[in-house]
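The structure appears below as structure tokens.
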Amino acid sequence: MKAKNKMKKLDRLLDQLQTKIPFSDKSNLKISKSSIGWHIDHTLLTLARIHYALSNSDPKDYQWKFNFSRLFVFTLNKIPRGRAQSPGVVQPKGDITIESLSNHLKKTREKMMSLDSMNRDKFVEHPYFGKLKLKQAITFLEIHTNHHLKIINDILK
């Protein structure tokens, strides 16, 4: 799939996240110990952190290595629930408000737009999946964002 099409898909997922912001205070402990706001903020932090890592990577440092977890998740196009702990750097801290989420989403959208023009050999080091080149990183962001949208939708049921 071309980068522009992948970016459109990611933008649609961000549109879906935006529609959930008004429900940020809602939670359901049977589904998740975290609120909808936490899931939105975590997703936005992940998007921003991966953008930062891609922007600052040196393609010369990339070396492919087989990773079973990456193969599993990318083949299923799904992250199994309750399997992994989010790294601290992408765990929300402080108060999460509708205003803070809206501002965070706006800034994240701006960052995501720049992925279109980024060198395709840029990469990110993922804690579970190893080194992901730009196209794989965007695929991960889609899978990850969709994962949290499914949790949010289950909380809202």
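Read the figures in this text as sums done on the coordinates, not as results from a lab. These numbers come from a predicted model, not from an experiment. In this analysis, Cβ positions are derived from the backbone assuming ideal geometry, glycine residues included, and neighbour counts consider all displayed protein chains.
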Going from the fewest other Cβ atoms within 10 Å to the most, one would list 11, 58 as 58, 11
Ranked from fewest to most other Cβ atoms within 10 Å of their own Cβ, 43, 145, 108 fall in the order 108, 145, 43
So, how do all the Cα-to-Cα distances of the chain break down into 10 Å bins, in percent, from 0 on up? 10, 41, 37, 11, 1
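Can you give me the span-like helices of the chain, meaning DSSP H runs with 30 Å or more of Cα extent along the axis and Kyte-Doolittle mean at or above 0.0? Walk me through the numbers before you get to the answer.
Details: long enough: 134-156 (33 Å, 0.26).
Qualifying helices: 134-156.
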Separation of alpha-carbon centers, region 94-124 and region 35-55, rounded to whole Å: 7 Å
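Is there a quick way to get the dipole size of the chain? I mean about its Cα centre, with the Cβ of Lys and Arg at +1 and of Asp and Glu at -1; what is the value in debye to the nearest 20? Before the final figure, lay out the partial values.
Working: 29 positive and 14 negative charges, 114 e Å.
Value, rounded to 20: 540 debye.
Given N residues in region 67-125, what is Rg(Cα) / (2.2 N^0.38 Å)?
Values: Rg = 15.5 Å, N = 59, 2.2 N^0.38 = 10.4 Å.
For region 67-125, the normalised Cα radius of gyration is 1.49.
Determine the relative contact order of region 8-136: mean sequence separation of Cα pairs under 8 Å and six or more apart, normalised by residue count, in whole percent. Don't skip to the end; give the middle numbers.
On the way: 117 pairs, mean separation 44.0, N = 129.
Reported as a whole number, the value is 34 percent.
I need 147, 104 ordered by Cβ neighbour count within 10 Å, fewest first. Before the final figure, lay out the partial values.
Working: 147 17, 104 20.
Neighbour counts put them in this order, fewest first: 147, 104.
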Residues with amide H under 5 Å of residue 24's amide H, sequence separation 5 or more or different chain, H placed in the peptide plane at 1.01 Å from N; which? none
By average C-beta atoms within 10 angstrom, highest first, the peptides 32-39, 15-22: 32-39, 15-22
Expected vector for region 124-133, Karplus 3J(HN,Hα) from phi with 6.51, -1.76, 1.60 and θ = phi - 60°, integer Hz, x for Gly and Pro, equals 10, 8, 8, x, 10, 10, x, 7, 10, 5
Identify all aspartates and glutamates with a Cα-Cα distance to residue 150 below 19 Å; exclude those on the same chain that are fewer than 8 residues away in sequence. 11, 15, 25, 41, 142
Whole-angstrom Cα spans of region 115-157 along principal axes, big to small: 41, 24, 8
